[in-house]
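**Q** Before I ask anything, let me first share the structure, which is written out below as structure tokens.
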Amino acid sequence: MSKTFHITTFGCQMNEHDSEIMAGLLIEKGLKRVDDVRDADIEILNTCSVRENADKRFFGTLGQLKNRHENGDFLVCVCGCMMQQQPVIDTLKAKYPWVDIVFGTHNLHTLPILLDKVSAEKSKIIDIWPDTDVIAEDLPAERLFKHKALVNIMFGCNNFCTYCIVPYTRGREKSRAPEAIIKEVEALVADGVKEIMLLGQNVNSYKGYSENTDNNSNINNNSNSNSNSYYSDANSDELDDSGVESTMHSGKYTSFAELIYKLNDIEGLERIRFMTSHPKDLSDELIQAFADCDKLCKNIHLPVQAGSDRVLKRMNRVYNREHYFGLIKKLRSAVPEITISTDIIVGFPGETEEDFEETLSLVNEVEYDSAFTFLYSVRQGTPAEKYEDQIPEEIKHERFNRLVDAVNTISERKNSEYMGRIEKVLVEGPSRNNPFALSGRTDGFKLVNFSVEGTSFETCMDKLVGRTIDIEITGTKTFSLEGRIVE
Ligand code: 5AD
Ligand code: SF4
């Protein structure tokens, strides 16, 4: 009987997609995926390190696996962003020496090889790559949804926001070749995909060099990367400041906006989304693409992080409030119906009451459709960890609550404007809260729940999931809309 595996994913959509790829690799190898860890022979924990609570949840979940590991034939593998931090590896070695395989963000495609090695040698493996210039191409992915897919367009981040661990865990920016992305999307569309979500830490700095140009002489510096057929050359043109020499390029590259135009031409594809954008390099060209490309959804996630110029500067965000307002104005004048969401951090070191009020005023002025709000969390090894003016927890929480109130009031008001409208909704599956309803997303990424009375629920599911249908909005809430199918 074939072995079974289960993956627990913490964190962002990049991690979700990494897990889809690992699942694809293991299924290709003949393993079977199970929904419950209790039925699995292999458990993989794909970790996130962006905030402290994700760290804590990982160690809590790992601890619960120990008895099971001791009692039987059960492999435990851990991977993802946390593994790129030496203190985490030290903790694993000291307190969790029973973990079978530890690997990082740069070598997840080697999982099948690592599993073979552990089975053959009955040993434990820790294999972390510091960074890599190579991008593994043509990896299989076991998608969560039939009709929508996550597509990596670039990896890593060069921005070094002072609070953020990502540049240390995901390495320097590397863009995939446009041809590789287009080929992947065409294959996805042939497989029934209607909507793609382009992923990168900072998609606006995508620089895609073509695969077969003369000036594309890549240097592969990674000593670990010698034997895997999945490798192709990466497209980073940045000189690395972490000691890893990067691939050099010259000549013409495809910008992010140009990539969107190319993807917009793919027949059968209905919707293109992307995340995340950094306001510092959101180009006029991309804003124009929103107006020109019918498949590009009229929705943008544009993290502002703070409303005070002083805080933005200390965060190393490289834009100010005025620049951000300018972008919002341009976006809304090019595409009046665009919906906008953001990320905001509360309680960054040195944030005064006046700074925080500037964040509140920015939120009230921009009027976001939705916002993810975070309490600042100290990350070991980041510049902000050393800032001496850390904010007491109770002040952070008090500000956080005020911000959430402001954000929710606006979301509720914005959603109420949808009452009575007819929206095109791409149906995703059963509603989370109502077993007799289906849910889907509007072009602007609003979640819509709608009931399907009359025919049986299964028939409706089969008929509607993956299709775009007209829904009349009959009710509005803070985080979702309700509607009915327009006959
Ligand atoms: N503390 C709190 N929030 C953080 N984020 C990133 N690092 C931290 C941190 N140290 C938030 C930012 C980012 C989102 C993905 O996570 O808002 O946009
Ligand atoms: Fe982190 Fe800033 Fe890079 Fe986003 S842009 S991943 S917040 S360093």
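**Q** Suppose the filter is part of a loop (DSSP other than H, G, I, E, B) and not aromatic (Phe, Trp, Tyr); does Glu453 pass it?
**A** Working: part of a loop (DSSP other than H, G, I, E, B): yes; not aromatic (Phe, Trp, Tyr): yes.
Criteria met by Glu453.
**Q** Okay, next question. Here are Leu144, Leu150, Leu139: which of them is open to solvent by 20 Å² or more (accessible area, probe 1.4 Å), part of a loop (DSSP other than H, G, I, E, B) and either over 24 Å from Lys207 (Cα atoms) or in contact with a strand residue (DSSP E or B) (Cβ under 9 Å, 6 or more places away or on another chain) (or both)?
**A** Working: Leu150 fails: part of a loop (DSSP other than H, G, I, E, B); Leu139 fails: either over 24 Å from Lys207 (Cα atoms) or in contact with a strand residue (DSSP E or B) (Cβ under 9 Å, 6 or more places away or on another chain) (or both).
None of the other options fit; the residue is Leu144.
**Q** Say we look at region 442-475 and pick out the residues that are buried (at least 16 other Cβ atoms within 10 Å of the Cβ) and among the polar types (S, T, N, Q); which of these is farthest from Lys295 (Cα to Cα)?
**A** Ser451
**Q** Which residue pairs have Cβ atoms under 7 Å apart, sit 6 or more places apart or on different chains, and have a first residue in region 318-329 that is at pLDDT 95 or above and among the basic types (Lys, Arg) and a second that is part of a loop (DSSP other than H, G, I, E, B) and buried (at least 19 other Cβ atoms within 10 Å of the Cβ)?
**A** Going by the 7 Å Cβ cut-off, the qualifying pairs are Arg321/Gly307.
**Q** Moving to a separate point now. For Ile410, state whether it is open to solvent by 60 Å² or more (accessible area, probe 1.4 Å), in a helix (DSSP H, G or I), at negative phi and more than 14 Å from ligand 1 (Cβ to nearest atom).
**A** Numbers: open to solvent by 60 Å² or more (accessible area, probe 1.4 Å): no; in a helix (DSSP H, G or I): yes; at negative phi: yes; more than 14 Å from ligand 1 (Cβ to nearest atom): yes.
Answer is no for this residue.
**Q** Further, regarding this structure: Is one or more of the residues making up region 14-31 open to solvent by 40 Å² or more (accessible area, probe 1.4 Å), free of Cβ contacts under 8 Å to residues at least 12 places away in the same chain and farther than 27 Å from Gln201 by Cβ?
**A** No, the conditions are met nowhere in region 14-31.
**Q** Within region 99-110, is even one residue closer than 21 Å to Phe74 by Cα, over 26 Å from the mean Cα position of the chain (by Cα) and either surrounded by fewer than 21 Cβ atoms within 10 Å (Cβ to Cβ) or at pLDDT 95 or above (or both)?
**A** yes
**Q** Continuing with this model, one more query. Does region 168-181 contain at least one residue that is more than 16 Å from ligand 1 (Cβ to nearest atom) and hydroxyl-bearing (Ser, Thr, Tyr)?
**A** The answer is yes, given that some residue of region 168-181 is more than 16 Å from ligand 1 (Cβ to nearest atom) and hydroxyl-bearing (Ser, Thr, Tyr).
**Q** Which of the residues belonging to region 260-285 are of a type outside the set (D, E, K, R), crowded, with 20+ Cβ neighbours inside 10 Å and more than 16 Å from ligand 2 (Cβ to nearest atom)?
**A** Within region 260-285, Ile260, Leu263, Ile272 qualify.
**Q** Among the residues of region 413-441, which ones are closer than 30 Å to Glu358 by Cα and either of a type in the set (Lys, Arg) or assigned to a strand (DSSP E or B) (or both)? Walk me through how you get there before you give the answer.
**A** In the first step, residues of region 413-441 are kept if they are closer than 30 Å to Glu358 by Cα; the result is 413-418.
Arg413, Lys414, listed by residue number.
**Q** Next question. Can you tell me which residues in region 362-407 are out of contact with any Lys or Arg (no Cβ under 6 Å at 6 or more places or on another chain), of a type in the set (D, E, K, R) and not in a helix (DSSP H, G or I)?
**A** Residues satisfying the conditions are Glu367, Arg379, Glu388, Asp389.
**Q** Which numbered condition trips up Ser123, out of (1) within 16 Å of ligand 2 (Cβ to nearest atom); (2) surrounded by fewer than 17 Cβ atoms within 10 Å (Cβ to Cβ)?
**A** Evaluating Ser123 over (1) within 16 Å of ligand 2 (Cβ to nearest atom); (2) surrounded by fewer than 17 Cβ atoms within 10 Å (Cβ to Cβ) leaves (1) as the failure.
**Q** Is it true that some residue in region 118-133 is over 24 Å from Val166 (Cβ atoms), out of contact with any strand residue (DSSP E or B) (no Cβ under 7 Å at 6 or more places or on another chain) and touching a residue at least 40 places away in the same chain (Cβ under 8 Å)?
**A** Taking region 118-133 and keeping what is over 24 Å from Val166 (Cβ atoms), we get 118-125.
From the residues that got through so far, the ones that are out of contact with any strand residue (DSSP E or B) (no Cβ under 7 Å at 6 or more places or on another chain) too are 119-124.
Keeping just the survivors that are touching a residue at least 40 places away in the same chain (Cβ under 8 Å) gives none.
Within region 118-133 (the criterion being over 24 Å from Val166 (Cβ atoms), out of contact with any strand residue (DSSP E or B) (no Cβ under 7 Å at 6 or more places or on another chain) and touching a residue at least 40 places away in the same chain (Cβ under 8 Å)), the answer is no, since none of the residues qualifies.
**Q** Which one of the conditions (1) under 25 Å from Lys122 (Cα atoms); (2) within 16 Å of ligand 1 (Cβ to nearest atom); (3) assigned to a loop (DSSP other than H, G, I, E, B); (4) not charged (D, E, K, R) does Ser2 fail to meet, given that it meets all the rest?
**A** Going through the list (1) under 25 Å from Lys122 (Cα atoms); (2) within 16 Å of ligand 1 (Cβ to nearest atom); (3) assigned to a loop (DSSP other than H, G, I, E, B); (4) not charged (D, E, K, R), Ser2 breaks only (2).
**Q** Within 16 Å of ligand 1 (Cβ to nearest atom), part of a loop (DSSP other than H, G, I, E, B) and over 21 Å from Tyr253 (Cβ atoms): does that describe Cys157? Don't jump to the end; show me each part of the working.
**A** On the way: within 16 Å of ligand 1 (Cβ to nearest atom): yes; part of a loop (DSSP other than H, G, I, E, B): yes; over 21 Å from Tyr253 (Cβ atoms): no.
Criteria not met by Cys157.
**Q** Among the residues of region 332-354, are any farther than 18 Å from Val404 by Cβ, in contact (Cβ under 8 Å) with a residue 12 or more places away in the chain, out of contact with any Gly (no Cβ under 6 Å at 6 or more places or on another chain) and among the small types (Gly, Ala, Ser)?
**A** Among the residues of region 332-354, at least one is farther than 18 Å from Val404 by Cβ, in contact (Cβ under 8 Å) with a residue 12 or more places away in the chain, out of contact with any Gly (no Cβ under 6 Å at 6 or more places or on another chain) and among the small types (Gly, Ala, Ser), which makes the answer yes.
**Q** Oh, and also: Could you look through region 174-202, keep only residues that are in a loop (DSSP other than H, G, I, E, B) and open to solvent by less than 20 Å² (accessible area, probe 1.4 Å), and pick out the one that is farthest from ligand 2 (Cβ to nearest atom)? Even if it seems obvious, please write down each step before you answer.
**A** Within region 174-202, the first condition is being in a loop (DSSP other than H, G, I, E, B), and the residues that meet it are 176-177, 191-194, 200-202.
Going one step further and asking which of them are open to solvent by less than 20 Å² (accessible area, probe 1.4 Å), we end up with 176-177, 193, 200, 202.
Values: Arg176: 18, Ala177: 22, Val193: 26, Gly200: 9, Asn202: 5 Å.
Checking each candidate, the answer is Val193.
This table checks each residue for (1) within 16 Å of ligand 2 (Cβ to nearest atom); (2) closer than 20 Å to Asn53 by Cβ; (3) modelled with pLDDT under 95; (4) crowded, with 20+ Cβ neighbours inside 10 Å.
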position: Leu360; (1), (2), (3), (4): no, no, no, no
position: Val363; (1), (2), (3), (4): no, no, no, yes
position: Tyr368; (1), (2), (3), (4): no, no, no, yes
position: Val378; (1), (2), (3), (4): yes, yes, no, no
position: Thr382; (1), (2), (3), (4): yes, yes, no, no
position: Ile395; (1), (2), (3), (4): no, yes, no, no
position: Asn401; (1), (2), (3), (4): no, yes, no, no
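**Q** Among all residue pairs at least 6 apart or on different chains, which show Cβ distances below 7 Å where the first residue, located in region 32-44, is open to solvent by 50 Å² or more (accessible area, probe 1.4 Å) and the second is in a helix (DSSP H, G or I)?
**A** Going by the 7 Å Cβ cut-off, the qualifying pairs are Arg33/Ala23; Arg33/Ile27.
**Q** Only residues that are under 17 Å from Gly104 (Cα atoms) and without any contact (Cβ under 8 Å) to a residue 40 or more places away in the chain: list them for region 48-60, please. Break it down stepwise before answering.
**A** So the first thing to find is which residues in region 48-60 are under 17 Å from Gly104 (Cα atoms), and the list is 48-50, 54-55, 58-59.
Selection gives Cys48, Asp55, Phe59.
The values are calculated or read from the model by the stated rules, or taken from the named source; none is laboratory data. As the structure is a computational prediction, the values presented were derived from the model and not from experiment. We place every Cβ from the backbone using ideal geometry, glycine too, and count neighbours over all the protein chains shown. Areas reflect the complete protein model, heavy atoms only, side chains present, ligands, DNA and RNA absent. Shrake-Rupley method; radii C 1.70, N 1.55, O 1.52, S 1.80 Å.
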